[in-house]
Amino acid sequence: MAESTELLRDVFGFDAFRPGQEEIVDAVAAGRDVLAIMPTGGGKSLCFQLPALMRGGVTVVISPLIALMRDQVRALRAAGVEAGALTSANTEEETEAVWSALTDGRLKLLYLAPERLASVGTQDMLRRMDVSLIAVDEAHCVSQWGHDFRPDYLRIGDLRAALDVPVAAFTATADAETREEIVARLFPHHPPEQFLRGFDRPNIHLAFAAKDQPRRQILAFAAARKGQSGIVYCGTRAKTESLSRALNEAGHAAIHYHGGMDPDARRIAETRFQQEDGLIVAATVAFGMGVDKPDIRWVAHADLPKSIEAYYQEIGRAGRDGAPAETLTLFGPDDIRLRRSQIDEGLAPPERRMADHGRLNALLGLAEALDCRRATLLRYFGETEITCGKCDLCDRPAEVFDGTEAVRKALSAVLRTEEWFGAGHLIDILTGNATDKVQARGHDQLPTFGVGRDLTRNEWQAVFRQMMGHDLIRPNPDRHGALTMTEAARPILRGEDTIRLRRDTIAAAKDRRAPAR
Ligand code: ADP
């Protein structure tokens with residue numbers, strides 16, 4: 001595994017790069033001058049923080065906002081990275097501590113308020129240190145025409161000349177004039193490598209489907225694309241083997257790939273996939289890094305990925321040649337449960353677990369999106385101007401209905417049984433199905449018993465799944481996955497908020513025969 005990917009996982013706790021990050025990280029780590037334009041929220045800080053760990057010495061970060069610097073320093077320290085800030089908001093002790101870490105050569109990142117550059121002392125001090133990189137956050141602050149002009153930013157040019165180290169500049173401001181001015185002021189002698197890439201991959205068609213009969217769904221998807229190279233991502237090693245067998249039996253050329261195979265077998269699989277036309281690989285996420293096949297025509301997920309970042313990275317392996325490519329991601333309540341428990345049972349500290357739940361929620365929001373999927377995906381990465389027309393929801397708009405009533409009934413069933421039961425039992429209660437278990441617990445006596453007879457069992461399953469997707473209910477890891485209500489559900493329960501659900505998944509569920517009640 002590449003060093004950057006390892007650091008990404010071990011230090012920052014992320015399972016995949018965001019769009020654009022990896023190329024920038026590579027360029028900065030290699031010591032090239034870089035100007036990167038990324039939308040706000042796109043994940044700029046990682047693009048200098050990670051290279052800072054890969055390069056020797058200390059990285060100086062110029063940033064205009066004290067609060068932002070302090071946040072970043074706190075987060076880095078929490079991740080075990082030596083970082084400090086010199087700003088006017090420091091206490092004397094803080095400044096002392098930063099100095100001593102700096103002189104000991106322990107500090108990896110030094111955040112500096114631009115005013116500091118005006119002091120001769122600071123410049124002298126930096127000259128004596130082993131500075132390996134200058135990172136400039138909010139680089140548009142050097143632009144005199146911009147709204148955020150900070151005169152002290154003009155001193156960065158001198159600093160750079162004095163230290164003779166590469167500069168990596170970042171901004172979300174993309175207009176050409178500002179860019180030119182940044183280049184002129186920060187890179188007067190040599191233009192930097194510029195990264196200005198939208199995150200959209202317009203040739204990739206996006207689609208999600210509720211998991212119904214996953215093997216059949218994947219086989220049908222592959223059958224419609226016979227002879228094309230594709231990847232099926234699976235949640236387990238065993239599934240890669242069984243699915244590749246099923247694909248072969250269905251007349252495809254398919255192989256499997258996972259981290260448990262010995263290195264030789266993996267290499268052979270990679271080479272075959274790279275060289276043969278129309279081969280399908282059923283793989284875990286271990287497959288893909290370093291796979292550089294331009295004509296992968298489709299990527300399917302037999303199981304829900306880990307996060308929205310992982311999703312983007314995995315589907316992004318399709319259609320690198322720019323020709324049309326298709327994707328399909330299957331998801332169901334079991335996936336949601338599995339991904340939640342992986343987060344809850346991990347060893348990450350509580351804040352990181354919360355962030356991981358947030359990233360999973362973002363993916364679930366995408367899975368349960370009510371309108372354009374591409375817009376939902378790219379908005380998450382900070383893009384605002386989005387045209388699509390190439391996703392399942394643009395092809396066939398979702399039919400949406402007011403699900404408030406159904407959700408309130410379901411929440412009431414959750415609460416009246418004191419958050420001790422899973423969806424199956426709750427649906428028995430809602431649909432008035434007096435099973436032995438329902439009777440034994442006296443749940444046929446609850447006011448909620450039978451209030452949901454207007455929906456079929458399958459329809460209720462879709463409601464519960466969407467409720468999990470909206471993070472209104474979560475499986476409780478301490479209660480064998482019994483569903484508990486989250487804070488997000490309170491306003492709906494209290495009648496202060498409404499919720500729209502998708503009808504089409506329910507309609508699809510209705511097409512099937514409901515099991516005997
Ligand atoms: P900005 O581009 O606005 O400076 P930040 O660097 O603050 O954005 O990143 C925005 C958010 O994205 C942060 O919460 C950060 O933790 C998160 N983030 C950055 N990179 C990744 C990644 N590869 N995977 C998941 N989350 C990420």
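The values are calculated or read from the model by the stated rules, or taken from the named source; none is laboratory data. Nothing here was measured: the structure is a model prediction, and the numbers come from that model. We place every Cβ from the backbone using ideal geometry, glycine too, and count neighbours over all the protein chains shown.
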Spot the failing condition for residue 227; the list is (1) surrounded by fewer than 19 Cβ atoms within 10 Å (Cβ to Cβ); (2) within 16 Å of the ligand (Cβ to nearest atom); (3) small (Gly, Ala, Ser), and only one is missed.
(2)
Return the residues of the stretch 355-376 that are of a type outside the set (Val, Ile, Thr) and more than 14 Å from the ligand (Cβ to nearest atom); say none if nothing qualifies.
364, 365, 366, 367, 368, 369, 370, 371, 372, 373, 374, 375
Based on what the data block shows, is residue 352 within 16 Å of the ligand (Cβ to nearest atom), closer than 30 Å to residue 71 by Cα and either among the polar types (S, T, N, Q) or free of Cβ contacts under 8 Å to residues at least 60 places away in the same chain (or both)?
no
In the stretch 97-154, what residues are among the acidic types (Asp, Glu) and in a loop (DSSP other than H, G, I, E, B)?
104, 130, 137, 138, 148
Of the residues in the stretch 366-391, those that are part of a helix (DSSP H, G or I), surrounded by fewer than 21 Cβ atoms within 10 Å (Cβ to Cβ) and at pLDDT 90 or above come to 375
Picking from 135, 78, 52, 83, the residue that is within 28 Å of residue 18 (Cα to Cα), loosely packed, with under 14 Cβ neighbours inside 10 Å and hydrophobic (A, V, I, L, M, F, W, C) would be 78
Looking at the stretch 300-351 only, could you name the residues that are among the polar types (S, T, N, Q) and either surrounded by 20 or more Cβ atoms within 10 Å (Cβ to Cβ) or not in a helix (DSSP H, G or I) (or both)?
307, 313, 327, 329
Quick check: anything in the stretch 258-278 in contact with a strand residue (DSSP E or B) (Cβ under 9 Å, 6 or more places away or on another chain), closer than 23 Å to residue 203 by Cβ and either among the aromatic types (Phe, Trp, Tyr) or touching a residue at least 60 places away in the same chain (Cβ under 8 Å) (or both)?
yes
Just to confirm my filter: which helices (runs of 4 or more DSSP H) fall fully inside the stretch 1-78 and include at least 1 residues that are away from the ligand (no atom under 14 Å from the Cβ) and of a type in the set (Ser, Thr, Tyr)?
none
